[in-house]
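What follows draws every value from the coordinates through simple rules; no lab data is involved. As the structure is a prediction and not an experimental result, all values here were calculated from the model. Glycine gets a Cβ as well: all are built from the backbone with ideal geometry, and neighbour counts include every protein chain shown.
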Amino acid sequence: MKTYKMSKERFPEFIDIIKSKGKLFGPVKQKEQHSFEEIDEFSQLDFDYQRTQIALKKYLTPPRYKTMHFTKDTIEEILPEDEKNIVIGAHPCDIHGVNILDRLFLGNIQDPYYAKRRENLIIIGHSCFPDDKCFCHSTGTDMVDDGFDLFLTSLNGYYLVWVGTDEGLDLAIAAEDLLEEDINDEIIQDYVIWQQIRSQKFRSDVPYFKYLADIMDLNYDSEVWKQFGDKCLSCGTCSLVCPTCNCFNVDDKIKMSAEEGIRERMLDSCMLPYYSLVAGGHDFRPSRTDRIKLYYTHKLKEYIGKWGQPSCVGCGRCVEYCPVEINALTVAEALYGEVGQTKEVLDF
Ligand code: SF4
Ligand code: SF4
């Protein structure tokens, strides 16, 4: 991977060059929260943040959009506009979140709406330090090797600029007057120290995450699910904020004349009542307990079976935003506790 050094003093110039290539978005502080917003000038950016409320999925699977216009005789697909969106400041966990969405939407059967948006999305990552809600260390998503075009590691007065794709290289070439190619021993030393300091800052570690798929199997009928089900408000916030949740619903809006209509796609959540209600009136998951069990077994067990990693990237959003403290950490800890108790009474 090609790597450069860029002085932080020249960063505003870098932003001007990047901005000339497309619509630029980055982390902006709004009251006590950060969100990815369109950037007009460098001073709006604030990289001192842990997580935005909504992740990069808002650029790839917007909450609601039109997919088709139809009449009695015609069908016209409505693809997203061909416009470059550049997001700067994405953390490793969020880039892993995009990699997970890529697997789902760009696999054997490509989703044309997602594919068009992804083709037009340039991701410039930025290094971060964790808070007490981050556990990407345990999900193996604290560092990232692919899924970004450029990645900036913030070191002592300068950035290490990693190039991830040809498109990233084109940006680096456009900014070549700002970049130095000489990666000397001093820079490598700075990077190693940065790595060590960062790794010591992780407070929420889940050492048993790698056994979680088995633990979930053992706990399939555990009382823990009911306890969480009794607490859950079915608000769907966990799905909305999770960078890898991507369920959607489809709605046809037909004019009174019945001559034409549009089809829309909108985000949905398996945590909401009626999500699993099908024609004929049967609801596959009528209770909150059923829905929580599906949500977390899908994220922390089934996805590992298919792809070898959970579809949880340890971003801590569910930890921060669930109003009743149901999240990947509390669920994993409660299930592990169940198995732990079983172990004590076994005679090995
Ligand atoms: S787990 Fe929490 S965030 Fe998710 S639906 Fe239940 S109450 Fe809402
Ligand atoms: S389950 Fe929670 S911690 Fe994991 S990716 Fe989703 S929001 Fe982040």
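Things to note:
- Applied to the range 74-80, the Karplus parametrisation 6.51 cos²θ - 1.76 cosθ + 1.60 on θ = phi - 60° returns per-residue 3J(HN,Hα) values of 10, 10, 10, 6, 10, 8, x Hz, with x for Gly and Pro.
- In the range 215-303, the GluC sites (Glu not before Pro) that fall in loop regions by DSSP, at most 13 other Cβ within 10 Å: GLU259
- Assigned charges on the beta-carbon of Lys, Arg, Asp, Glu; the chain dipole about Cα centre (debye): 1140 debye
- 5 angstrom amide H check on CYS247, placed H, neighbours 5+ away: ASP268
- Bridges between two residues of the chain, per DSSP, are antiparallel at a rate of about 75%.
- Dipole magnitude (debye, nearest 20) for the range 164-233, charges at Cβ of Lys, Arg, Asp, Glu: 940 debye
- Here is the list for the range 263-324: chymotrypsin sites (Phe, Trp or Tyr not before Pro) lying in DSSP coil, each with at most 12 other C-beta atoms within 10 angstrom of its C-beta, are TYR274, PHE284.
- Residue-wise HN-Hα couplings along the range 247-255, as the Karplus relation 6.51 cos²θ - 1.76 cosθ + 1.60 with θ = phi - 60° gives them from phi, are 4, 9, 10, 10, 10, 9, 10, 10, 5 Hz; Gly and Pro carry x.
- Proximity of backbone amide H atoms, modeled 1.01 Å from N, is registered between LEU24 and ILE39, ILE86 at under 5 Å, excluding neighbours fewer than 5 places apart on the same chain.
- Cut-off under 5 Å, modelled amide H: who pairs with SER7 long-range: TYR159
- Anisotropy class of the chain from Cα gyration tensor, a/c 1.5 cut: oblate
- Applying both filters, DSSP loop and at most 14 other Cβ atoms within 10 Å, to the trypsin sites (Lys or Arg not before Pro) of the range 166-275 gives LYS201, ARG203, LYS255.
- Whole-number percent relative contact order across the chain, with pairs defined as alpha carbons under 8 Å at least 6 apart: 21 percent
- Whole-angstrom gap from the range 288-333 to the range 111-161, using each part's C-alpha centre: 21 Å
- Rel. contact order, % - alpha carbon contacts under 8 angstrom, at least six apart, the range 6-95: 31 percent
- Set of lysines near LYS21 by C-alpha distance (under 26 Å), chain-local residues within fewer than 8 positions excluded: LYS2, LYS5, LYS8, LYS29, LYS57, LYS58, LYS84, LYS116
- Comparing LEU106, HIS91, PHE129 along the charge dipole axis of the range 73-150, the residue lying farthest to the positive side is PHE129, per the Cβ-charge model.
- Estimated at 0.36 nm per residue, the fully extended path between ALA279 and GLN196 surpasses their Cα-Cα distance by 24.4 nm.
- Between the listed residues GLY168, ASN156, CYS235, the Cα displaced farthest toward the positive end of the dipole of the range 129-254, a dipole computed from Cβ unit charges relative to the Cα centre, is found at CYS235.
- Theoretical ellipticity at 222 nm over the chain - DSSP helices of four or more residues, -39500 (n - 2.57) apiece, nearest 500: -9500 deg cm²/dmol
- Within the chain, the whole DSSP H helices whose Cα atoms reach 24 Å or more along their own axis and whose mean Kyte-Doolittle score is at least -0.5 are 328-345.
- In order through the range 124-134: 3J(HN,Hα) via Karplus (6.51 cos²θ - 1.76 cosθ + 1.60), integer Hz, x for Gly, Pro: 10, x, 9, 5, 8, 10, x, 10, 6, 9, 6
- Taking the Cα centre of the range 290-334 as reference, the dipole from Cβ charges on Lys and Arg (+1) and Asp and Glu (-1) amounts to some 200 debye.
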